[in-house]
Amino acid sequence: MVKEEEDSSNRPDNTAFTQQRLPAWQPILSAGIVIPGFVLIGLAFIGIGVGLFLTSRDIQVLEMDYTGADGSSPCSVCYNLADKNCVCTMSFSIDSLIKGPVFFYYGLTNYFQNQRRYGVSRDDKQLYGDTSNFASPNSECAPYQYISNVPIVPCGSVANSMFNDTFELFKNVNGQSLPVPLDGKGIAWWTDYNVKFQNPNVTPLINAFNGTVRPPFWSKNVYELDTTDASNNGFINQDFLVWMRRAALPDFRKLYRRITDGDYSAGLPAGNYSLKIHYNYPVNGFGGKKKVVFSNVSWMGGKNEFLGIAYLVIGSLCVVMSVVMLIVYAKFKFPEDN
Amino acid sequence: KGLNYLSQRAREKELRSLVSNLPYEGQEKGKQPNRFFSSNSIKTTKYSPLFFIPMNLYEQFHRLANVYFVGLAILNFIPVVNAFQPEVALIPICVILSLTALKDAWEDFRRYQSDRKVNNTPCFVYSRMEKQFVERRWKDARVGDFVKVVCNEIVPADLLLLHSSDPNGVCYIETANLDGETNLKQRTVANGLCTSNFNCKVVCEKPNNNLNHFKCYLEKPNEEKVGAGIESLLLRGCTVRNTNHAVGFVVYAGHETKSMLNNNGSRYKRSKLERKLNIDVFFCVILLFTMCLIGALGHFLWLESLPGVPPYLVPDSSGHLDSPGLTSFYMFFTMIILLQILIPIALYVSIELVKIGQIFFITNDLDLYDEETDSRMQCRALNITEDLGQIEYIFSDKTGTLTENKMVFRRCSVMGTEFPHKENDGKLVQQIKRAESSSRRGGGRKIHPYLDFFLALTICNTVMVSMATAKRERVSDLFCQRKPKRNRTRSEDPAVGSAKMESAADTNGVQTCSLHPLSQRDRPAAASQSLHYEAQSPDEAALVHAARAYGFILLARTPDTVSVRLPSGQVLDFEVLDTLTFDCTRKRMSVLVRHPVTRECVLYTKGADYAIMELLGTPYAEHLSGNQKDVAAVTQHHLDCYAKEGLRTLCVAKKVVSEDVYRSWLVDRKRAQASMDNREQLIMETSVQLETDLTLLGATGIEDRLQESVPETTVALREAGIHVWVLTGDKPETAVNIGYACRLLEEEDLVINMSCKNKLKHFYFIQLTCTSILDCTLEEVRRYEEDPCNVDTTQNIALVIDGNTVSMALSPDLQDRFVDLAKRCRTVLCCRVTPLQKSEVVKLIREKLKVMTLAVGDGANDVNMIQAADVGIGISGQEGMQAVMASDFAISRFKHLRKLLLVHGHWCYTRLANMIIYFFYKNAYVNLLFWYQFFCGFTGTAMIDYWLMIFFNLFFTSVPPIMFGIFDKDVSAEVLMGVPELYRMGQGKGEYNFLSFWISILDAFYQSLVCFFIPYLAYQDSDVDMFTFGTPMNTVALFTILLHLSIEIKSWTLVHWITMLGSVGLYFIVTLAYNATCITCNPPSNPYWILQSQMADPMFYLICTISTVAALLPRYLILPASNSISPSPLLQGRLLDRRDPDTKALRIQEWRGFRGGGEQVKRYRLSPPPSPTLDTPVDYVPEFDLTGDDFSLNVITHQSTVHT
C-alpha cells in the first residue's frame, strides 16, 4: 500500500527573457551625442522659419470694425438695434491690389461659441436629416427645444444664435457703385455639406417642417435660408454650416464669402469700395466687436507671423545650445568617450 | 434558526466532546451527533460564481481611489455639473474595475480548481454496514469518522491516532507540506484504547492554529480519563511514512484542521514607496482643487464681466439663468470631473501589473535558485518588491542564516580533560578503552564518567533510527537522483577527504540519504551500517554521529526503550521512563532512563552551558565537592575557548534519581499531563523540579560552518551602505568569532563589548550603571570619531552587546542613547537575545532612525523579528518553514541576499520609482484642458473629443510606462553586483522624492503650456473650429509624452520598440477610424473627419513639430549637460556596461579600490586568525572597567595583530 509521488524540477528556464538578458540598445545621452541633433534641428527650423515668415508677410489683410459702439462709426446708429432692418454703409479704399482669391470673413470678439452648455445645445441627428428628431428634439437643446410644445427645428442654442448680418460689397467707379460678386459656395467643409448635414428626403422641403417652428431668434425659416438655390437651402445652407462649426476661441472670424468671380478673380484691385451692412446681430449683450476681414490666403492659411518667428527662435536656440554643448563636451567629455 | 444557534454554540465551546459516528451510520443528518462541526470539504475561493460581481465590487471599493472615481462618475450624472456625457465618464473606472475583477476571477478560479482536486482525493473511511474501510472522497469524511491512511498517503483531516500497523504503536509522519521539515516525526497511538468497539468520548479543545500543540482526553465509559496530545495527532496535509497503515479518529475536519487554520494566504504590506506615493496623490488632490477653485472663480468673474445676456449663454429649460455665484459653485464640480485625470486613476492598477511582472522576474532568476533543495526564490508578499531597493539596516540571525546549520562535532571536554575530535588523535579512544575495562572490573556497578558522557550523547536526544529496510520510499529516490551531485561536492571538499573521522560525524548533506562509512577502527556489525538517524535538530544528529564514531551506537528508539551498542559490542536496552523535552525557557532537555544493569533511574541532561552550570548542585560553590568544582571551572574555561573558536557549546550532565524521588515526581508528572489548563506550564515545572543537583560530565563543541560566500555578501552589503546587525541567541564570544569570519568585523576595527553579567542586582542600580556606560561609550566614540588621525582611516566601530544589556538599553530612558551609539557603529552584534528582544531591537531602530529595515532568519525564533521589519526574509533551511511562513520573501541561501538586494531591489525600485514619477507627469497633461478654460469662460469645455481624451490615458499612453516599469534596466546586473555602491541611490530618499515629484509636475506644467500656447498662437484670429484646434494639441501631447518617456528608458529592447511604435500607431489608427465612422454616433461631440482634414494640412505638421521640440527642449538640454558635467554613479555604471568584459572587470576593480577604501574581498578562511585559540586564552584589552564584575565594557582593537 504505497502511493506514488511525482517529482518535478523547480528550476527556472534559462532564457534571455526570463533572465532579463534580452538584447537591448542602451543609449546614454551626453553632450557629445546631442550636438549633431541640435545643429540639425536648429538649421532645419531656421530654414522653415524663414520660409513661413516670408509666406506670412506676403499675405494681405484688410480688417474693419463695424460694431459702432464708439459712435464715430457709420454703423453706430444701428448699435442699439432700435429699428429693425437697420442698414449702414462703410466706405474704404484699397491702395494696391489684394491678390486673389480674396476671402471675405466676418469676425466677432468676446463671443464664446466654445461655451460648454452652448456647444452641446444642438441635435446632430436632426441636422443629419433624421425626421424622427424633428418631432422630438434632443433634450440637450433645451430651452430651445420646444416653443409651447411645438418642436423647434433646428433646435438648440447654437442654431438659434446664428449670425445674421449680411453684407454687400460695391466698388465705386466714377461715382457709380458696381456690386462685387460674392461667392457663397464652398465656404463650408466638404464633409459638413455632404455628410454631416443633410436635408430630409422630402420634396418639397417645406413639407418636412410641418409641425415645427423656427428658432425664436430667426426671422426666416430654415427652409427659406436660400430660396434661390435648392442646394444651398435648409440644413445645407453654407452660412448655416459655417456657423454651426463652433469656433475654438472667443475671438474668431468665420468665412463669409469668397471673391473669385469675373473681374475679381485676380483679386481686389485698388480703388474705393463701399460695404453695405444689414446690421441685425446684437453684440451689446457681451461687449463684443464685429468686424469684416478681407484677406488672401497661402498654403498655410491666413496671416500669422507667430509660427515663422517661433521656428526662428527655437531654431536659433538649438544652434546656440549646440555651441554650449560643444563647450561642455570639450570640458567634460567622459574619459571613456572615444 | 435555532439549529444555527445550536451549531454556533457547539462550535464556540471551549471544549468539544466528540463521539463516534458509527452507531448513527445511515441516519438522517439531524440525528448525527457531530453535525455541528464543519465537514472536511474545503473552500478557499473568495467568491461564488453567482455573486462574483457584487462581492468583487465590494472588495474593490475598499480602495479609496476607486470610490473617488466612481463618485466622480456619478457626479457626472447630475445635469447641472456634468462635464461629459454621463456614460463616457464611466468608461475609465469600468475598465479599471473590470481589469482588476478579471485578475481576481482568474486567481479565484485557480483556487477553485485546486479545492476541487483536494476535495475529491480518495480516502478510506470505515463503514459499519460493510464492516470494512470503503473508499470515499476527502470531502465526505466527517468529524467522528474512522479513517485509514496508508504509507505515503496524505492525511485527509486531523486524526487522533488509534491504531498503527507498527507493533510499537507508532506512526511516522513527514510534515513537509505543513512546515517544510523533512525529518520523520513519530506519533504514538493514544493510550489504552480498544478500536474494535469504540465507545469513548473524545473531549478536545477548540480548533486552533498551533501546529505543535493539541490537548484532548478520552473519557471511557467508566469515566476514566486518558490524556492525549500532539504526539497522537496526525495533521491534515502530513504524509504517512514508514508505516504500513494507521487508523485515526477525525477530530477536526476541513477548515477547522490545524493546517487550514495556518493557511492565511499571502500578506498585504504597504511599501515605503506606496506610502510616499499616497502623499503625492494627496498633493495632486490639492493641486486639482486649486485648479478647480481657479476655474470656479474665473467662471464667476467671467459671468460678472458680461454686460448683458449674450446669445451664447444658455438659460435652463424654463428660460431662467442661475445667479453667477451658484453657477460657479456648480462649475467647481464640473471642473473636478473634467480635470479628474490629474489624479492618476490607472496608476494603482499599473503598479499592480508592474509588480506582477517584477515578481515574475525575481522568482525566475537562475542565480536565486538553489540546486540542492530545488527551490526558487519565493515572493510571499506581492507588493513590496521595491522596498528591497531601499534597505538601510539588515538584521540577521546567525545560525542557519549566516551559517549552514549543519553541525560537525569538533571537540569535547570530558571530566575536565579536553579532546579534539580528529582522525589521528587516539587519546580519547584510549581513554574510553581504559574506562570500559575499569568499569568492567567494577562489575558494572559503577559507570565510568567517560562511558556516561558518551551514553548521554547517545541517549539524551530525540533522534529516530530508521533501518534501511524500513526506509522511506522517497529516500531511495532522492538518493539515486542526487548521488552524482553529492559525489561532486564531496570531491571538492578537502576537509572531508583528509579526515574520515570527521566525515563519520558529519551530517553534511542529506543525512537521511546515506551514512558515511565508519572508520576501520571499530567496525560494527553490518546491520548497523544501514542505520539512519532522523534528528529534529542538527546538533543532536551531530552528537549521535559523534558518539557512534566512538563506538556508542544508537540502535533503536521506541517511545519506551533505547538500545545502545557499546564499543565492547554489548547491547544495552534502556527503559525510557520519561523525556523532558526541550523548551526555550529551560534551554535544555533531559531523558530519564532506567539503566538495564544497575537498575538505577538516571537522568541525562544536555543543554546550553549557562543553563546547566546553574544547576550543578546548588548555586553556591562550597556545596560542590572539590572535584566537581574543579571540573566545572575547567570545563567553563574550555567552553569559553570553544566559544571563541566559534563553536557551539553544549554541556552534558547526569543525575541519579532515587526510586522514592522518582515515584513522587511521577505522580506530579501524570497530573500535569492530564490537566487541560496551562498544561505546558505544569509540565515544564515538573521538568524543572527534577533537573537539579546535576553532575557535570563534560561539554561538546560543535562547528557550524559558514554558508558559502557569506563574507563576500556581507562586504558587498556594507559597501552598499547597509548596516548589517547580527542578532543571535549564542554567546558573545561565538558571535564575535563568526563576526570576524564573515567579515562583519575587520581586524582593524574598534570593537566595543558591552555586557552585564549579574542580573540579580536591583534594577534601578543596573539602569543607572547602564546609563553611565552608554554615556561613556558615546563620549568615547565621539572622541574617536573626532580624532583627526582616525578621519581618513577606514577603521570602524563595532558594538557587541549581550541580551541583558540590550533589554536595558531598550528601556525608554536609555533608548535614545542606545540608538545614538548604534547608528555610529558600522555593525552591532547582539548576543543571547530572545526572539522578543530581536523584534524589539528591529522596531526600535526602525522607528527611531526612520530607516528601512530588513530581517533575515531561518528559525521559529526569528519569526518576531521578521514580522517586525519592513521586509522580512525567511531562509528555507534546516529549521523548518516557520520563518518562511512569516516572511515576505523566502530565499534558500544567505548569499542570495546580495543579488536580491543589489540587483533586483535596485531594479524594482528604480523601475517603479521612475514609472510613478512618469505617471504623475503624464497625467498632468490634463493641464491642456485647464489652459483652455481661460479661453472658454471657464465653462468646462474640452477641445478634445471625450472618447479620445479617455482613450488617450487608458490605451494610447498606458502600455509603454508599464513595460518601462517591468523591463527597464538602468545598469546591468553585472555592474550592480560588482559595484555595490550603486545601491545607495535607492536608500533614504531615493530617486522618488519630493524634489523629483515636483520637478516632474513643473515639467508637465511647462510642457502643457507649450503644447497649448504654440497651437493657440498659431491659430489665433483664424476661423479654426474647436476640434481642429484640439487635435494637434492631442497629437503633440502624445508625442511629447512618449518622447519624454524615451529619455527615461535606459535600455531599449524589442518590447519597448513595439509598445512605443504601437502606441503611436494605435493613436492614429483609432482616431482616424473613429473620425471616419462616427458621424452622429456620439452627440453632441462631433469629430467627423477632423484628423483626416488636419493630416492634409501642412500647418498641422508644422505645429506638431515645433510644439514637441519646444516642449522637450529643456529636458533634452539639461539631461545630457548634467550627464556630461557631473555624471551620477549610476551613469558611470552604465558607461561601464559599454566596455568589453575585460576592461569592465578592470574598471570595476579600480572603482571599488578607489571608493571602497581598498576593500578587496579577501579569501575567506575557515578559522579566522584573530580568534583566540586554546593556547592563547584571552586577549581582550580592557580600557576601562566601570563597575567591577557586574558590567564590563571592553574595547578590543586588533591593530597589532599579525595573523595575516
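No value in this document is a laboratory result; all are computed from the given coordinates. Since this is a predicted model, take the numbers as computed values, not measurements. Here Cβ is always computed from backbone atoms with ideal geometry, including for glycine, and neighbour counts include all displayed protein chains.
With all pairs of different alpha carbon atoms counted, what Kirkwood hydrodynamic radius in Å does segment B:339-400 show?
Hydrodynamic radius (Kirkwood, Cα only) of segment B:339-400 equals 14.4 Å.
So what are segment A:250-338's ellipsoid semi-axes, whole angstrom, largest first, if each one is the square root of 5 times an eigenvalue of the alpha-carbon gyration tensor?
Taking √(5λ) for each eigenvalue gives 52, 20, 10 Å, largest first.
Kindly put A:LYS196, B:LYS1144 in sequence by how many other C-beta atoms sit within 10 Å of each C-beta, fewest to most.
Ranking A:LYS196, B:LYS1144 by Cβ neighbours within 10 Å, fewest first, gives B:LYS1144, A:LYS196.
Treating segment B:203-288 as a set of equal point scatterers at the Cα positions, no solvent, please give the Debye-formula log₁₀ I(q)/I(0) at q = 0.26 Å⁻¹.
Scattering profile of segment B:203-288, log10 relative to I(0): -1.30.
Given Cβ point charges of +1 (Lys, Arg) and -1 (Asp, Glu) and nothing else, what value in debye, to the nearest 20, does the dipole of segment B:860-957 about its Cα centre take?
380 debye
Only counting other Cβ atoms within 10 Å, I'd like B:LEU235, B:LEU1131 sorted with the fewest neighbours first.
B:LEU1131, B:LEU235
Please state the equivalent ellipsoid semi-axes for segment B:329-436: what are the square roots of 5 times the Cα gyration tensor eigenvalues, largest first, in whole Å?
Largest first, segment B:329-436 gives 65, 17, 9 Å.
Simple spin-label model, 7 Å along Cα-to-Cβ: B:ASP820 to B:ASP1140 in nm?
5.7 nm
Tell me, what is the FRET efficiency for B:MET676 and B:THR585 to the nearest 0.05, using R0 = 22 angstrom and their Cβ-Cβ distance as r?
So the FRET efficiency works out to roughly 0.55.
Work out the P(r) tail for segment B:80-230: percent of alpha carbon pairs separated by more than 19 Å, whole number.
69 percent
Going by C-beta contacts inside 10 Å, put B:ASP1023, B:ASP578, B:ASP813 in order with the fewest on the left.
Placing the least packed residue first, the sequence is B:ASP813, B:ASP578, B:ASP1023.
Run the quick spin-label model on A:PHE17 and B:ARG599: label points 7 Å from Cα toward the beta carbon, then report their separation in nm to one decimal.
The answer from the label model is 7.8 nm.
Using a Cα-Cα cut-off of under 15 Å, which aspartates and glutamates could be cross-linked to B:LYS43, ignoring same-chain neighbours fewer than 8 residues away?
Once the sequence-local aspartates and glutamates are set aside, what remains near B:LYS43 is B:GLU107, B:ASP108, B:ASP115, B:ASP140, B:GLU256.
Could you give me the percent of Cα pairs per 10 Å distance bin for segment A:43-166, shortest bin first, beginning at zero and ending with the bin that holds the maximum distance?
10, 23, 23, 24, 15, 4, 0
Could you give the semi-axes, largest first, of the ellipsoid that matches segment A:168-313, computed as the square roots of 5 times the alpha carbon gyration tensor eigenvalues and rounded to whole Å?
Over the Cα atoms of segment A:168-313, the ellipsoid semi-axes are 30, 22, 18 Å.
How long, wide and thick is the protein assembly as shown, going by the Cα atoms along their three principal axes, in whole angstroms, largest first?
Between the extreme Cα coordinates on each principal axis of the protein assembly as shown lie 158, 89, 62 Å.
Starting from the 7 Å offset along Cα-to-Cβ, what nm value, one decimal, do you get for the label separation of B:TYR5 and A:THR89?
10.3 nm
Given the convex hull of the Cα atoms of segment B:666-732, what is a quarter of its surface area in nm²?
9.1 nm²
Set the bar at 20 Å for Cα to Cα. Now go through A:LYS254/A:LYS276; B:LYS185/B:LYS731; B:LYS899/B:LYS969; B:LYS276/B:LYS850 and name every pair that lies beyond it.
From A:LYS254/A:LYS276; B:LYS185/B:LYS731; B:LYS899/B:LYS969; B:LYS276/B:LYS850, over 20 Å: B:LYS185/B:LYS731.
Measuring from centroid to centroid over Cα atoms, what is the spacing of segment B:975-1022 and segment B:384-422 in Å?
Distance between centres, Cα-based: 47 Å.
Determine the distance separating the Cα centre of segment B:115-165 from the Cα centre of segment A:222-236; give it in Å without decimals.
90 Å
Within a Cβ distance under 11 Å of B:THR561, other residues only, what is the Lys/Arg minus Asp/Glu net charge?
Here the count lands on -1.
Using a Förster distance of 51 Å, how high is the FRET efficiency between A:GLN176 and B:PHE360, based on the Cβ-Cβ distance and rounded to 0.05?
0.05
Give me the aspartates and glutamates in straight-line cross-link reach of B:LYS922: C-alpha distance below 16 Å, same-chain residues under 8 apart excluded.
B:ASP280, B:ASP1003, B:GLU1048
For an R0 of 60 angstrom, estimate the FRET efficiency from the Cβ-Cβ distance between B:CYS1081 and B:GLU847 and round to the nearest 0.05.
The computed FRET efficiency comes out at 0.55.
Compute the distribution of all C-alpha to C-alpha distances in segment A:68-296, in bins of 10 Å from 0, and list the percent of pairs in each, rounded to whole numbers.
7, 30, 34, 21, 7, 1
When Lys and Arg each count +1 and Asp and Glu each count -1, what net charge do the other residues less than 13 Å away from A:ARG116, Cβ to Cβ, add up to?
That works out to +2.
Enter the Cα centre distance for the pair segment B:45-79 and segment A:186-209, rounded to the nearest angstrom.
So the two Cα centres are separated by 46 Å.
Can you list, by residue number, the Cys in chain A that have no neighbouring cysteine C-beta under 4.7 Å?
Lone cysteines by the Cβ rule: A:CYS318.
Would you list the P(r) distribution for segment B:573-714, with all Cα-Cα distances sorted into 5 Å bins from 0 and each bin expressed as a whole %?
2, 9, 16, 18, 17, 15, 10, 6, 4, 2, 1, 0
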